[in-house]
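Report on the following structure.
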Amino acid sequence: MAFILGVDIGGTDIKLGIVDEAASKPAARELVSGTIPTRAGEGPERAAARVRAWCDGQGASRVEAAGIACAGLIDGRRGLLHVSPNLGGWVDAPLRDLFERALGVPAVVENDANAAAYGEWRAGAGRGLSSFVCLTLGTGVGGGIVLGGSLYRGATGFAGEIGHAVICADGPPCACGNRGCLEALIGARAIVRRARELYGASGGARAEPAAGRSPEELARAAARGDEVAARVFAETGRYLGIALANIVHILAPEAIAVGGGVAGAGEILFGPARETLRRSVMDDRMAEVRVVPAELGNRAAVLGSALLAHAEAAGAR
Ligand SMILES: [Zn+2]
């Protein structure tokens, strides 16, 4: 049996997993998983060496390929990370070459949200579909698109940046330099900021002192009946619904999965999102797209990058 390594490089931690080559089967999960610190300031070469050390520690000498995922603009064909919001200084970093050298096996490099979408398509919420979109809602808002049975990367490799689709032209500034991007409206920081503003305005901050700290706390407050928290998620769901309608108008996929920490809020988010989608599309039939929670949790990019590496290695054979 062959094993494939999946690597998800975040700003703080690197998530790692070893997946067996039969992982395309629905029950596929990682055989071994772990986390090591990123220490981005030390540069990508040192990170690749630490990943190698972790692999050696698992006795995984039979790893046959590696998938490397991280946030940012990735040119997968050249194996380059162009620029990343989380990895300062990793500019035009030749991640594929660095990891191939460190690990001694073929590597593929992919945007983390694309890898997560691929993972969900192969082993999660998008199984068996030929057109599928996956959104990951966290500090950043990422997207990935599967069309005609393969990951769609576009002419540049940068396709799927749904988090930077403009939802509200005069909206709040986004880290990318635009205003009113989906990420600037429903990223974790935007949710927390809006909650604090509303608690401040309503004098309710004392009633729910913890709720304004994170989307997760806010979701718990909403579940306890906190009106401000419920209002924030209703608004968040509405913005999400507008984005879903845009996706449907452009791609008309069979399903859209929504994952990431913010999506953990569940129906208080999905309900208003589906309702807005229904009201926003040109024709009722367009609203028949399934909008579902993602299934693989925060390991989607690890599993997806490994499955992608395996598929590319198989294609090259
Ligand atoms: Zn943006």
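List of remarks:
- Qualifying positions in the stretch 46-58 - touching a strand residue (DSSP E or B) at 6+ places or on another chain (Cβ under 9 Å) and open to solvent by 20 Å² or more (accessible area, probe 1.4 Å): 50, 53, 54, 57, 58
- Counted residues, the stretch 259-281 - those being of a type in the set (Gly, Ala, Ser), crowded, with 19+ Cβ neighbours inside 10 Å and touching a residue at least 40 places away in the same chain (Cβ under 8 Å): 4
- Only residues that are over 15 Å from residue 269 (Cα atoms) and more than 8 Å from the ligand (Cβ to nearest atom) were counted in the stretch 173-189, giving 4.
- Residue match in the stretch 203-211 (condition: at pLDDT below 95, within 14 Å of the ligand (Cβ to nearest atom) and either open to solvent by less than 30 Å² (accessible area, probe 1.4 Å) or within 22 Å of the chain's Cα centre (by Cα) (or both)): no
- A search for C-beta distances below 6 Å between a residue of the stretch 89-101 that is open to solvent by less than 70 Å² (accessible area, probe 1.4 Å) and any residue that is of a type in the set (Asp, Glu), counting only pairs 6+ apart in sequence or on different chains, returns 98/45.
Every residue, every condition in (1) open to solvent by less than 80 Å² (accessible area, probe 1.4 Å); (2) over 27 Å from residue 151 (Cα atoms); (3) outside the structural domain of residue 139 (by TED's automatic domain parsing), yes or no:
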| position | (1), (2), (3) |
| --- | --- |
| 189 | no, yes, no |
| 196 | no, yes, no |
| 201 | no, yes, no |
| 227 | no, yes, no |
| 238 | no, yes, no |
| 248 | yes, no, no |
| 257 | yes, no, no |
| 287 | yes, no, no |
| 290 | no, no, no |
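- Residue list for the stretch 168-187, restricted to those being out of contact with any Gly (no Cβ under 6 Å at 6 or more places or on another chain) and open to solvent by 20 Å² or more (accessible area, probe 1.4 Å): 170, 172, 173, 175, 176, 177, 178
- Matching strands (runs of 3 or more DSSP E) fully within the stretch 66-172 where at least 3 residues are within 16 Å of the ligand (Cβ to nearest atom), out of contact with any strand residue (DSSP E or B) (no Cβ under 8 Å at 6 or more places or on another chain) and not assigned by TED's automatic domain parsing to the domain that holds residue 18: none
- Test: residue in the stretch 56-63 that is aliphatic (A, V, I, L, M) and farther than 21 Å from residue 307 by Cα: no
- Evaluated against (1) within 19 Å of the chain's Cα centre (by Cα); (2) more than 28 Å from residue 199 (Cβ to Cβ); (3) open to solvent by less than 30 Å² (accessible area, probe 1.4 Å), residue 243 falls short on exactly one condition, (2).
The values are calculated or read from the model by the stated rules, or taken from the named source; none is laboratory data. The model shown is predicted, which means the values in this text are computed figures rather than measured ones. We place every Cβ from the backbone using ideal geometry, glycine too, and count neighbours over all the protein chains shown. For accessibility, only protein heavy atoms count, side chains too; no ligands or nucleic acids. Shrake-Rupley method; radii C 1.70, N 1.55, O 1.52, S 1.80 Å.
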